[in-house]
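Down below is the structure, laid out as structure tokens.
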Amino acid sequence: MGKTTWIRQQVNSAAETAVYLNLGAENTPIDTTYLATEVAGLTVLPVEQLTDFLAHPLVGSAVYVELGFQIDLTSLILPDQMADCQRVAVLPPGTRHTEWHGWADVVVTGIEPGLAPSQPHLWRSVLSGQVLDLASLNTFWYELTHGAYGTVQRAKGIFDIADGRSLYFDFVAGPAETTHLELNLPLWCNGRPDRFSGIEVVGEALDQEAIAQTIKGCCLEDHMIAYYQKQMRE
């Protein structure tokens, strides 16, 4: 269990409506897209709308703010309206004292492995508009999670594939295995998808150029996309 999974559990078990904000996702909102499609009634709050939201909050709503591990807590300044929030850190089992322990009011033990002693690399790529061949994607994902491009600790992505579906892939090194599911989105049957897709990889000694080139090789050209979509419409 990681931060996003914990938030989903809390939202699903709560009686009140919920608002979700992700700080640190930048232009790769994988967690945001996943939660928005899988959690009924969740309101996703873009970062640029935070000020307006705090001025006119939704009465009776619980607000969940997810922080990326790469955020520097010493420089994090939350708005005054959030000063009395409960701070929860979801940390791997066996994690010794970290800055997150000092920051959090509550520490929850997840299942994800601890990060390596050296600072891990974070690599992201936006794939919006790309359509991938599923067989090629599966081969790439297997290679990625089995060390072909470096030591991967965490990988997740949202991919549009040739049959019109949007798939969510999630990998955590250690006891957990790769999971993937079809997101609750309409089949895309006309041209290149006009919705978010992308990938995020955390690890060490990542061959980022090779990762990018392999993903590029999984992407279909326009005539192949048109061919598959024609089959879907017939």
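The values are calculated or read from the model by the stated rules, or taken from the named source; none is laboratory data. If you're wondering where the values come from, they're calculated on a predicted model, not measured in any experiment. No Cβ is skipped: glycine too gets one built from the backbone with ideal geometry, and neighbour counts run over all protein chains shown. Quick note on the areas: whole protein, heavy atoms, side chains included, nothing else; ligands and nucleic acids left out. Shrake-Rupley method; radii C 1.70, N 1.55, O 1.52, S 1.80 Å.
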Seminar exercise, completed: Per its Cα gyration tensor (rounded if a/c is under 1.5, else prolate when a/b beats b/c, else oblate), region 1-73 is best filed as oblate
For this session: Calculate what fraction, in whole %, of the accessible area of region 1-138 sits on carbon and sulfur atoms when a 1.4 Å probe is rolled over the protein chains.
Result: 52
Exercise. For the pair Glu177 and Ala55, how long in nm is the line joining their label points, each one 7 Å along Cα→Cβ?
Worked result: 5.2
Problem set entry | Charge dipole (the chain, unit charges on Cβ, about Cα centre) - positive-most of Thr151, Trp141, Gly203 | Trp141
For this session: Can you work out the PRE-style zone for Asp222? Point 7 Å along Cα to Cβ, and I want the residues of region 185-216 with backbone N under 19 Å.
Result: 189-195
Exercise. Using Cα atoms only, what is the angle between the long axis of helix 222-233 and the major principal axis of the chain, expressed in degrees (0 to 90) to the nearest 10?
Worked result: 90
Exercise. Taking the mean number of other Cβ atoms within 10 Å as a proxy for protection, how do you rank 154-165, 179-190 from highest to lowest?
Worked result: 154-165, 179-190
Problem set entry | Potential extension, Val65-Ala148 segment - 0.36 nm per residue separation minus Cα distance | 26.5 nm
Problem set entry | Dipole magnitude of the chain, debye to nearest 20 (Cβ charges: Lys/Arg +1, Asp/Glu -1, about Cα centre) | 260
Exercise. Rounded, prolate or oblate: which fits region 1-139, taking a ≥ b ≥ c as square roots of the Cα gyration tensor eigenvalues, rounded meaning a/c under 1.5, else prolate when a/b beats b/c?
Worked result: oblate
Exercise. With axes computed from alpha carbons, what is the tilt in degrees of helix 134-145 against the longest principal axis of the chain, rounded to the nearest 10 within 0 to 90?
Worked result: 50
Problem set entry | Helix 3-13 axis, angle to the chain major axis (alpha carbon atoms, nearest 10°) | 80
Exercise. Which order do peptides 65-73, 126-134, 214-222, 195-203 fall in by mean Cβ count within 10 Å, highest first?
Worked result: 195-203, 126-134, 214-222, 65-73
Problem set entry | Rounded, prolate or oblate (a/c below 1.5 giving rounded, otherwise prolate when a/b exceeds b/c) for the chain by Cα gyration tensor | oblate
Exercise. Taking a probe of 1.4 angstrom, what is the accessible area of Ile225 in Å², to the nearest 10?
Worked result: 10
Problem set entry | Accessible area (Å², per residue) of the chain, counting only protein heavy atoms and a probe of 1.4 Å | 54
